[in-house]
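We did not get these values from a lab; they are worked out from the coordinates using the rules stated. The model shown is predicted, which means the values in this text are computed figures rather than measured ones. Heads up, the Cβs are rebuilt from the backbone with ideal geometry, glycines too, and the neighbour counts pull from every protein chain shown.
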Amino acid sequence: MSRNAQYSAIFALLAGVAGIRTASKRLRLVTEVPPVEQPAMFLVKGDESLSQPVAGAATRYERAYEVFLYVHETDPSMSATEKINPILDSVAEAFRADAGGRNSLGGTVYHCWIDGTIEIDDGALENQGGAHFVIKTVSAD
């Protein structure tokens with residue numbers, strides 16, 4: 001499937017996550033996103049790797065997409081983590097594998113998953129928190 005179909009399918013899942021006020025494919029600096037627009041989620045296309053293990057075989061595509069989540073919390077009795085966690089739970093659910101062990105994004109990829117470490121800033125020293133993580137896809141032509 002096309003790169004744009006994959007990108008759009010991932011964005012649609014992220015934009016539909018409960019609690020997100022702003023979703024965009026254009027990354028903005030956290031200082032450019034006012035508190036009223038947060039929680040905000042941004043999807044950025046990352047690297048991709050192509051391989052063909054056997055001459056004449058289908059090309060294998062592995063693509064990475066970076067996700068940036070911004071959360072503003074002014075209540076001194078709360079941590080931004082208390083807003084981040086339910087959003088991350090919803091994202092994890094949206095990208096959960098089916099009974100066959102895969103998430104094909106409606107047939108746009110062979111498999112899609114959240115990959116690696118989710119970096120979290122709980123906003124302990126300020127009112128601004130956030131998270132950063134990577135979503136990967138595998139497909140073949």
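See the values below:
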quantity: Set of lysines near Lys25 by C-alpha distance (under 17 Å), chain-local residues within fewer than 8 positions excluded; calculated: Lys45, Lys136
quantity: Rg in Å to one decimal, and Dmax rounded to a whole Å, for the chain via C-alpha atoms; calculated: 16.6, 61
quantity: Relative contact order (percent, whole number), the chain, Cα cutoff 8 Å, 6+ residue spacing; calculated: 26
quantity: Evaluated over the stretch 74-141, the Cα radius of gyration and Dmax, each in Å; calculated: 15.5, 52
quantity: Full-stretch length increase - Leu29, Ile118 - with 0.36 nm per residue and alpha-carbon distance subtracted; calculated: 30.2 nm
quantity: Sequence ranges 60-72, 6-18, ranked by mean other-Cβ count within 10 angstrom, highest first; calculated: 60-72, 6-18
quantity: Computed helical MRE - 222 nm, the chain, DSSP H runs ≥ 4 contributing -39500 (n - 2.57), nearest 500; calculated: -6000 deg cm²/dmol
quantity: Table column - 3J(HN,Hα) (Hz), the stretch 109-117, Karplus curve with 6.51, -1.76, 1.60, x for Gly and Pro; calculated: 9, 6, 7, 9, 7, 7, 10, x, 7
